[in-house]
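Heads up: the structure comes next, in structure tokens.
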Amino acid sequence: MAITEEIERAIMSLSGAQFQRFADDYVQIRYNFETFNNLGLQEGATKTTKGVPDSYGVRTDVYVWCTQS
């Protein structure tokens, strides 16, 4: 169980923008999107921007929203 707790601590230590980047990266890898847009992150900075959705991905067989708040 120690590895699970270590992962939880690492995730909990992330800022909002860092968590959003982490979640976006995971979703992109997991679902292999052809197009992925992360509207909620400022380009070149570790800051979020207002907007709905924060990010979304498109594949030919599925369209998925991925939002964080």
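The values are calculated or read from the model by the stated rules, or taken from the named source; none is laboratory data. Quantities reported herein were computed from a predicted structural model and do not represent experimental measurements. Using ideal geometry, Cβ is built from the backbone for each residue, glycine included, and neighbour counts are taken over all protein chains shown.
If only residues of region 45-67 that are in a loop (DSSP other than H, G, I, E, B) and either closer than 15 Å to residue 32 by Cβ or of a type in the set (Gly, Ala, Ser) (or both) are counted, the one that is modelled with the lowest pLDDT is 51. Scan region 7-28 for residues that are of a type in the set (S, T, N, Q), within 12 Å of the chain's Cα centre (by Cα) and more than 13 Å from residue 45 (Cα to Cα) and the total you get is 1. Residues that are surrounded by 10 or more Cβ atoms within 10 Å (Cβ to Cβ) and β-branched (Val, Ile, Thr) within region 1-34 comprise 7, 11, 27, listed in sequence order. Contact map, region 22-35: residues that are in a helix (DSSP H, G or I) paired with residues that are hydrophobic (A, V, I, L, M, F, W, C), Cβ distance under 6 Å, separation 6+ or inter-chain. Pairs shown: 27/66; 28/36.
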